[in-house]
Amino acid sequence: MKKITTPIMALLVMVFVCSSPVLAASLPSDNTAKTEPAPAAVTSAVDEFKSLSKHERKSRIKEAKKVLKEYRADKRAGRDTDTSMVLLVILAILLPPLAVYLKEEEINSRFWISLILTLLFWIPGVIFALLIVFDAI
C-alpha cells in the first residue's frame with residue numbers, strides 16, 4: 001500500500017473531523033461560528049472515526065481523496081473562485097467588455113451589448129458587466 005504523506009494525512013483527518021455528525025452537532029448554527037472547533041468536539045469526532053469499521057473508514061478516506069483530487073484539479077485549471085471574482089469585479093469597473101468576455105469565455109451577444117454600452121455611455125456598461133459577473137442576469 002502507498003505511504004500517505006503527512007500534509008495529505010492531516011487534510012484527510014480534517015475532512016473526517018469536519019464531516020463528523022458529532023462535530024456538526026456541537027457547532028453553533030448561526031454565522032458567528034469560530035474558525036476553530038472546540039477541542040472536546042475534535043476529540044470526540046476523532047474517537048468516533050476510530051470506532052468506525054474498517055470498511056467505513058476506507059470509504060471515508062476514499063471520499064476525502066476524491067474531494068482533494070477535485071480541489072487540486074480546480075486549482076490547476078485556475079478556477080479559484082474568490083480570487084477570480086475579485087479580479088472580474090475590478091475588470092468590470094475598469095474594462096467592462098473584457099470582464100464579460102472572461103466570465104462568458106466566448107464572444108457572444110452579452111459581450112457585444114457590454115461593448116456598445118461601454119463605448120456609448122460607460123456607466124451602464126459597468127453596471128451591465130457587474131450584473132454578468134455576479135450572475136444576476
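Take residue 68 and tell me if it is touching a residue at least 60 places away in the same chain (Cβ under 8 Å) and surrounded by 11 or more Cβ atoms within 10 Å (Cβ to Cβ).
yes
Taking residue 106 as the residue in question, decide whether it is over 17 Å from residue 127 (Cβ atoms) and not in a helix (DSSP H, G or I). Before you say what the answer is, go through the steps one by one.
Details: over 17 Å from residue 127 (Cβ atoms): yes; not in a helix (DSSP H, G or I): yes.
Criteria met by residue 106.
Which one of 84, 20, 26 is closer than 30 Å to residue 111 by Cα, modelled with pLDDT under 90 and either among the basic types (Lys, Arg) or surrounded by 14 or more Cβ atoms within 10 Å (Cβ to Cβ) (or both)?
Values: 20 fails: closer than 30 Å to residue 111 by Cα; 26 fails: closer than 30 Å to residue 111 by Cα.
Going through 84, 20, 26 in turn, the sole match is 84.
For every residue, the table says whether it meets (1) closer than 30 Å to residue 102 by Cα; (2) assigned to a helix (DSSP H, G or I).
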residue: 37; (1), (2): no, no
residue: 42; (1), (2): no, yes
residue: 45; (1), (2): no, yes
residue: 49; (1), (2): no, yes
residue: 56; (1), (2): no, yes
residue: 62; (1), (2): no, yes
residue: 69; (1), (2): yes, yes
residue: 74; (1), (2): yes, yes
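The values are calculated or read from the model by the stated rules, or taken from the named source; none is laboratory data. Predicted model, so just to flag it, every value in this text is computed and none were measured. Cβ: placed from backbone, ideal geometry, glycine included. Neighbour counts: every protein chain shown.
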